[in-house]
Amino acid sequence: MWVAFRLVELIFAIQRVHWGEFAPALDVVADFYGYVHMLDTTFLYKWREGKLAGKKGTVKRLVAGGVETEAGETIGADLIICANGFSKTYEYLPSEVRAALGVEKDGLYLYRHCIPAQFRDLSIAFCGSEVATISNIMTHGLHAEYICRMLTGRMELPSRDDMSSSVANMKAWKRSWMPETSSRASLVLLHQIHYHDQLLMDMGEQPGRKGFLSELFCPYAAGDYDNIIAKVSKEST
């Protein structure tokens with residue numbers, strides 16, 4: 001895998017002009033799991049054509065007609081775009097619930113990314129908001145199914161101690177290699193198949209949804225989980 005990831009880094013460097021002062025400080029895996037983003041491909045074309053130029057630095061303050069950098073350079077600007085990112089809020093929850101959840105600087109760690117171990121009575125559950133995969137819609141559908149089965153008694157949660165232990169192990173694993181970001185607790189991304197398999201096994205379902213060859217060579221899609229959700233819909237009618 002090391003060779004494969006180095007090849008990916010080389011391809012990205014060629015395609016996105018990632019060399020010299022613009023070479024990423026992190027390897028492609030750490031970057032993907034911590035700061036994944038997509039750029040419009042027209043950005044790359046304009047860069048190669050010389051219509052865009054990059055300058056690495058930090059804005060110190062706004063000045064008449066532009067900005068001044070920490071290095072003391074003044075750059076003229078007709079338009080300034082402030083891309084400050086975002087942070088998640090839990091202010092919609094009662095203060096005592098927020099305190100009990102124990103939100104940390106890298107996010108909210110939950111059992112299976114949806115159930116707080118300390119609220120095993122299912123007084124609160126998060127559907128989709130505390131997990132990020134490559135295919136969020138597919139994951140959110142399984143999340144909804146998972147929570148519905150718990151609420152209707154179709155599956156049993158493990159003990160509070162076992163849930164807390166599982167959360168602690170996941171936290172230690174993520175913090176051992178993922179870069180620190182405010183969303184680290186929710187990141188699954190390329191591990192989504194393993195995560196989906198966990199949900200399915202908890203629900204008593206077969207994680208392998210394909211035939212032998214398809215399991216080896218074909219990617220999983222939403223259609224592979226159709227009968228999981230349909231099963232509960234039929235049982236509920």
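The values are calculated or read from the model by the stated rules, or taken from the named source; none is laboratory data. On a predicted model such as this, the values are computed, not experimentally measured, just so you know. Glycine gets a Cβ as well: all are built from the backbone with ideal geometry, and neighbour counts include every protein chain shown.
What to note about this one:
- Failed item, numbered, when Ser182 is tested on (1) small (Gly, Ala, Ser); (2) free of Cβ contacts under 8 Å to residues at least 24 places away in the same chain; (3) not in a helix (DSSP H, G or I): (2)
Rundown of residues vs (1) at pLDDT 75 or above; (2) more than 25 Å from the chain's Cα centre (by Cα); (3) among the hydrophobic types (A, V, I, L, M, F, W, C); (4) not in a loop (DSSP other than H, G, I, E, B), yes/no style:
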| site | (1), (2), (3), (4) |
| --- | --- |
| Ala4 | yes, no, yes, yes |
| Ile11 | yes, no, yes, yes |
| Tyr45 | yes, yes, no, yes |
| Gly54 | yes, yes, no, no |
| Arg61 | yes, yes, no, yes |
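- Gly85 vs. criteria at pLDDT below 85, in a helix (DSSP H, G or I) and of a type in the set (Gly, Ala, Ser): no
- Being closer than 26 Å to Ala222 by Cβ, part of a helix (DSSP H, G or I) and basic (Lys, Arg) is a property that does not hold for Arg98.
- Reported count of residues in the range 158-182, each being in contact with a Ser or Thr (Cβ under 9 Å, 6 or more places away or on another chain) and of a type in the set (Gly, Ala, Ser), is 1.
- Just one of the numbered conditions (1) within 26 Å of Phe32 (Cα to Cα); (2) over 19 Å from the mean Cα position of the chain (by Cα) is not true of Glu205: (1).
- Yes/no for Lys210 being under 16 Å from Tyr225 (Cβ atoms) and either part of a helix (DSSP H, G or I) or not hydrophobic (A, V, I, L, M, F, W, C) (or both): yes
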